[in-house]
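Below is one structure, written out as structure tokens; the observations come after it.
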Amino acid sequence: MSSAKPDASPPARRLPLHWLGILPFAAFVTLFLLLPTMKIVVGAFQTPEGGFTLANIRGLFTPSILAAYWISIKISIASALLGCLIGFAMASAIVFGGLPKGIRGPLLTFSGVASNFAGVPLAFAFLATLGPVGIVTVFLRSNFGFDLRMLGFNLLSFWGLTITYLFFQIPLMILIITPALDGLKREWREAAEILGATGLQYWRMVAFPILLPSLLGTLALLFANAFGAVATAIALTGSSLSIVPILLFAQIRGDVLGNPHLGYALAFGMIVVTGIANAIYIWLRSRSERWLK
Amino acid sequence: MKKIWAWGALVFGLLYFTLPLIGMTNFSLKMRRGEYSFDAYQKVFADPRFQETFTYSVMQALFTIVFGVLLVVPTAYWVRLKLPRLRPVVEFITLLPLVIPAIVIVFGYIRLYNTSSWLPLTGSLTGTNILLMFGYATLALPYMYRAVDTGLRTIDVATLTEAAQSLGAGWATILAKIILPNVLVAVLSGAFLTFAIVIGEFTMAALLNRPAFGPYMQLLGANRAYEPAALAVIAFGITWGCLGLIQLVSRFQKSAPPKA
């Protein structure tokens, strides 16, 4: 019947039928992924009557909405940077640190679980830990007379949210960067040492430049990951902290901005931000694959 | 010196990860004043709303898995067999749900499928349930597709198909009796991940007003003190269980080489 050799071209008149095979998939993604997204993008440039306008986009540049974007971006950057840093430290500890071999497997498995443990339960876990009567808060207060609240720490704040997000950011970093660290070949290090390089020089001039695309790419991915997170933020703060996903959630629920099409613009802005971050990730990842196979 | 740094990083990380888990477990046991008890868990399990929402989410997860398998396995198979040129495109599309936040996708659903639209899915309960299932299938698409595609890589799709065809098998038979059994382990790991995602999902269910487990957890969290911690322990247990099962089935595959 049909030849399966990749280089054998099938008769031209049968070609159109091949497309039918992915028709269900095409229909599904069109209806439930692409069209809804297009609706948002187009709606961001429409008046309620359907005409073209830039007023919605301009509407984003009001102080309150800009402030929401700014704090969202700050939280995403902070949790992505810290996540990268701590995740990298932990990953390099298990790859190069000379730790017992048995640690690696369980840590990677745990990372798989923890990077999926986002959402509402994560917020509860942190409330029970760093909240007003959380285990750490109470421990510090009763044993050291150390009041986190007096120091200005509040879980429902910028730092509170950042620390909570780190719970899924660090494991994601470990999962992505460990294979990259494994890809650093022993020969490179040996070659550098034979040529007289110190450990620091090897890292600065060989390992770090090779890892840089992976590191920056993962940073972008972690940024997008934090920027789109809604459930954790809502469960943690209710709606007291005005970040973009919470604002959009409230807008969809009850038109808090007073203009339905401003909601489209708000969502469009989210797609733009996460889209840029992911494009950077994909581009840098393809660059890093040259070295790390 | 290097070892000290490595241990330091590891201990810091472990402390950071274990404290919240200890915190929530500890808190969930402290409902009775002055002693540890399982009161919070009893309260949660006895709550009819818990049973309702949990059952609802489990049902949604099962439907999503069945739908996802029926959608993804034939597509991934067909793309590999007949449309290899299209692979990068399909792969890109399946990764889109990781790029577009779930809240934006569901916003699009609400605007596109409202009561006055050409496909008024949100107009009826059944319609909304189906829409939510499609939404979950979209969220799970990146994981499901990659799992199945990786599974297909380990078998010789073209030869298996030819052999089956020369024995007179039709497409349905090939998919159900040849391809699916061969990628079953991959499908299962995709299914467990889908299950974990659907059980904990909050945004879509909340905005479509369906009584799922995620919104219930959020509601309870806003009104109670100890029960939410118990729920968090249960949710973590479910995630842990699902990913443990993935490990188990993939180990199972390693011990049994694919019968090609």
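The values are calculated or read from the model by the stated rules, or taken from the named source; none is laboratory data. As the structure is a computational prediction, the values presented were derived from the model and not from experiment. Methodologically, a virtual Cβ is constructed for each residue, glycine included, from the backbone with ideal geometry; neighbour enumeration extends over all protein chains shown. Each accessible area value is taken on the protein alone, full model and side chains, heavy atoms only, with ligands, DNA and RNA left out. Shrake-Rupley method; radii C 1.70, N 1.55, O 1.52, S 1.80 Å.
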If you fit an axis through the alpha-carbon atoms of helix B:102-112 and take the longest principal axis of the Cα set of chain B, what angle between them do you get, 0 to 90°, nearest 10?
70
Check which residues have an amide H placed less than 5 Å from A:GLN46's amide H, if you skip close sequence neighbours.
A:THR53
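Using a 1.4 angstrom probe with every protein chain in place, what is the largest-first accessible-area order of A:MET205, B:MET24?
Listed by decreasing accessible area, they come as A:MET205, B:MET24.
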Mean Kyte-Doolittle hydropathy of 0.5 or higher plus an axial Cα length of 20 Å or more: which whole DSSP H helices in chain A meet both?
A:63-96, A:158-182, A:208-227, A:260-288
Among the listed pairs A:LYS39/A:LYS74; A:LYS101/B:LYS3; A:LYS39/B:LYS82; A:LYS74/B:LYS2, give every one whose C-alpha distance is greater than 23 Å.
A:LYS39/A:LYS74; A:LYS39/B:LYS82; A:LYS74/B:LYS2
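Can you give the charge dipole size of the protein assembly as shown about its Cα centre, rounded to the nearest 20 debye, using +1 on the beta carbon of Lys and Arg and -1 on the beta carbon of Asp and Glu? It would help to have the intermediate numbers written out before the result.
Working: 39 positive and 19 negative charges, 176 e Å.
Using only the charged Cβ atoms, the result is roughly 840 debye.
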Taking every other residue with Cβ under 15 Å from the Cβ of B:VAL44 and scoring Lys and Arg +1, Asp and Glu -1, one gets +1
Which three semi-axes in whole Å describe the equivalent ellipsoid of chain B, each the square root of 5 times a Cα gyration tensor eigenvalue, listed largest first?
38, 27, 18
Under a 1.4 Å probe, counting only protein heavy atoms, B:PHE195 has an accessible area in Å², nearest 10, of 50
As I understand it, the value is the acute angle between the Cα axis of helix B:157-166 and the longest principal axis of the Cα atoms of chain B; what does it come to in degrees, rounded to 10?
50
When the distances between all Cα atoms of region A:76-211 are binned every 5 Å from zero, what whole-number percent does each bin get?
2, 9, 14, 16, 15, 14, 11, 8, 6, 4, 2, 0
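Taking a ≥ b ≥ c as the square roots of the Cα gyration tensor eigenvalues, with a/c under 1.5 meaning rounded and otherwise prolate when a/b beats b/c, else oblate, which class fits chain A?
It is oblate, given that a/c is not under 1.5 and a/b is not larger than b/c.
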Mind checking the dipole of chain B: about its Cα centre, +1 per Lys or Arg Cβ, -1 per Asp or Glu Cβ, Debye to the nearest 20?
520
Mean-square fluctuation check for chain B, GNM, Cα pairs under 10 Å: which of B:ALA212, B:ALA232, B:ALA46 is largest?
B:ALA46
Of A:THR198, A:GLY269, B:LEU184, which is farthest on the positive side of the dipole of the protein assembly as shown, counting Cα position, with +1 on Lys and Arg Cβ, -1 on Asp and Glu Cβ, and the Cα centre as origin?
A:THR198
Among B:ILE199, B:LEU243, B:SER57, the residue whose Cα sits farthest towards the positive end of the charge dipole of chain B (+1 at Cβ of Lys and Arg, -1 at Cβ of Asp and Glu, taken about the Cα centre) is B:LEU243
From highest to lowest solvent-accessible area (probe 1.4 Å; ligands, DNA and RNA excluded), B:TYR226, B:TYR109 read B:TYR226, B:TYR109
Keeping all protein chains in the complex and leaving out DNA, RNA and ligands, what accessible area do you get for B:SER124 with a 1.4 Å probe, in Å² to the nearest 10?
60
Using r as the Cβ-Cβ distance of A:ASP255 and A:ILE103, and R0 as 60 Å, what FRET efficiency do you calculate, to the nearest 0.05?
0.70
Lys and Arg at +1, Asp and Glu at -1: neighbours of A:PRO132 with Cβ under 11 Å from its Cβ sum to +1
How much solvent-accessible surface does B:LEU188 expose, in Å² to the nearest 10, with a 1.4 Å probe and all protein chains in place?
60
Can you tell me the orientation of helix B:213-223 relative to chain B, as the angle in degrees between its alpha-carbon axis and the longest Cα principal axis, to the nearest 10?
20
With the dipole of chain A worked out from charges on the C-beta (+1 for Lys and Arg, -1 for Asp and Glu) around the Cα centre, which of A:LEU156, A:TYR69, A:MET90 lies farthest toward the positive end?
A:MET90
Chain B, Gaussian network, Cα under 10 Å: of B:PHE17, B:PHE54, B:PHE38, the residue fluctuating most is B:PHE17
Order A:TRP70, A:TRP203 by their accessible area, 1.4 angstrom probe, all chains in place, largest first.
A:TRP70, A:TRP203
Return P(r) of the protein assembly as shown (all Cα-Cα pairs; 20 Å bins starting at 0; whole %; ordered from short to long distances).
19, 52, 27, 2, 0
